[in-house]
Amino acid sequence: MSTRTSAPTRREQILKEAARLFAERGFHGVGVDEIGAAVGISGPGLYRHFPGKDAMLAELLVGISERLLSGGRLRVEEASTGPDAVLASLIDGHIDFALDDRPLITLHDRELDRLRDSDRKLVRQLQRQYVELWVAVVRELHPDVAESEARTAVHAVFGLLNSTPHLGANGGGPLGRAATESLLRRLAHGAFAALGPLGAR
């Protein structure tokens with residue numbers, strides 16, 4: 001399942017370039033004119049799409065949280081062969097995000113506190129729901145594991161997968177996209193498998 005279904009709109013192009021520039025230079029290191037130049041329009045022309053940089057940042061961080069949650073729910077609904085398949089699908093979806101949307105990971109880490117309170121709370125609420133989606137699947141696979149341990153494992157796997165901004169400029173890091181994707185998948189599955197009986201570790 002892909003989270004991308006059609007060519008990006010002008011608004012989406014603006015957001016993509018804003019995310020890239022904010023991640024590279026910091027929120028306050030980027031002007032509206034630079035974002036406009038990156039998409040071929042004047043800086044003031046951006047105001048036809050967004051009231052300002054704060055609105056862009058909010059839409060980026062709220063938007064990716066909404067997209068991860070809705071995509072995760074869809075994967076849970078579409079998988080029909082048990083929790084193993086559901087977890088595999090969730091992992092694949094998050095790997096796609098981690099490799100395709102690395103600037104958003106950097107933005108979240110650096111700029112979340114710049115959001116107004118209502119937007120920041122919404123991001124946190126969406127993230128909690130996304131985590132709980134994973135926790136439910138992990139506990140189906142490992143019913144003897146305490147909820148708190150399953151939740152910690154989910155956060156740990158997110159930390160692993162969301163390390164992609166540190167891989168370098170190339171989309172897949174020094175290994176290339178396909179090899180990096182395969183390695184992340186094996187590492188994530190291995191981390192969850194470690195929740196099983198000691199004999200399986």
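Residues of the range 133-156 that are charged (D, E, K, R) and in a helix (DSSP H, G or I): Arg139, Glu140, Glu147, Glu149, Arg151.
One line per residue, one yes/no per condition, for (1) out of contact with any helix residue (DSSP H, G or I) (no Cβ under 6 Å at 6 or more places or on another chain); (2) within 30 Å of Leu195 (Cα to Cα):
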residue	(1), (2)
Phe50	no, no
Gly63	yes, no
Val76	no, yes
Ser89	no, yes
Leu104	no, yes
Val145	yes, yes
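Residue by residue, here is whether (1) under 27 Å from Arg186 (Cβ atoms); (2) in contact with a helix residue (DSSP H, G or I) (Cβ under 6 Å, 6 or more places away or on another chain) holds:
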site	(1), (2)
Glu17	no, yes
Phe22	no, yes
Ala38	no, yes
Pro44	no, no
Gln127	yes, yes
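Scanning the range 160-195 for residues that are outside any helix (DSSP H, G or I) and at pLDDT below 85 turns up Gly168, Ala169, Asn170, Gly171, Gly172. The lone criterion from (1) among the hydroxyl-bearing types (Ser, Thr, Tyr); (2) in contact with a Phe, Trp or Tyr (Cβ under 8 Å, 6 or more places away or on another chain); (3) free of Cβ contacts under 8 Å to residues at least 12 places away in the same chain left unmet by Ser65 is number (3). Take the residues in the range 65-86 that are in a helix (DSSP H, G or I) and β-branched (Val, Ile, Thr), then tell me which one is least open to solvent (accessible area, probe 1.4 Å). For the range 65-86, the residue satisfying everything is Val86.
Across the range 100-117, which residue is least open to solvent (accessible area, probe 1.4 Å) among those that are in a helix (DSSP H, G or I) and charged (D, E, K, R)? Step by step, filter the range 100-117, then rank; the result is Glu111. Of all residues in the range 136-162, those that are more than 17 Å from the chain's Cα centre (by Cα) and not small (Gly, Ala, Ser) total 13. Is the range 41-64 home to any residue that is within 27 Å of Gly168 (Cβ to Cβ), open to solvent by 70 Å² or more (accessible area, probe 1.4 Å) and assigned to a helix (DSSP H, G or I)? Scanning the range 41-64, I find no residue that is within 27 Å of Gly168 (Cβ to Cβ), open to solvent by 70 Å² or more (accessible area, probe 1.4 Å) and assigned to a helix (DSSP H, G or I), so the answer is no. Residues that are closer than 30 Å to His28 by Cα and not hydrophobic (A, V, I, L, M, F, W, C): does the range 139-156 have at least one? Yes, there is a match, as at least one residue in the range 139-156 is closer than 30 Å to His28 by Cα and not hydrophobic (A, V, I, L, M, F, W, C). Within the range 51-100, if we keep just the residues that are among the polar types (S, T, N, Q) and modelled with pLDDT of 95 or more, the residue that is nearest to Gly29 (Cα to Cα) turns out to be Ser65.
Residues in the range 13-40 that are of a type in the set (D, E, K, R), loosely packed, with under 14 Cβ neighbours inside 10 Å and within 17 Å of Leu104 (Cβ to Cβ): Glu24, Arg25. Each residue in the range 118-135 was checked for being open to solvent by 60 Å² or more (accessible area, probe 1.4 Å) and among the β-branched types (Val, Ile, Thr), and 0 of them qualify.
The values are calculated or read from the model by the stated rules, or taken from the named source; none is laboratory data. Values in this document were obtained by computation on a predicted structure and should not be read as measured data. Here Cβ is always computed from backbone atoms with ideal geometry, including for glycine, and neighbour counts include all displayed protein chains. With ligands, DNA and RNA removed, areas are computed over all heavy atoms of the protein, side chains included. Shrake-Rupley method; radii C 1.70, N 1.55, O 1.52, S 1.80 Å.
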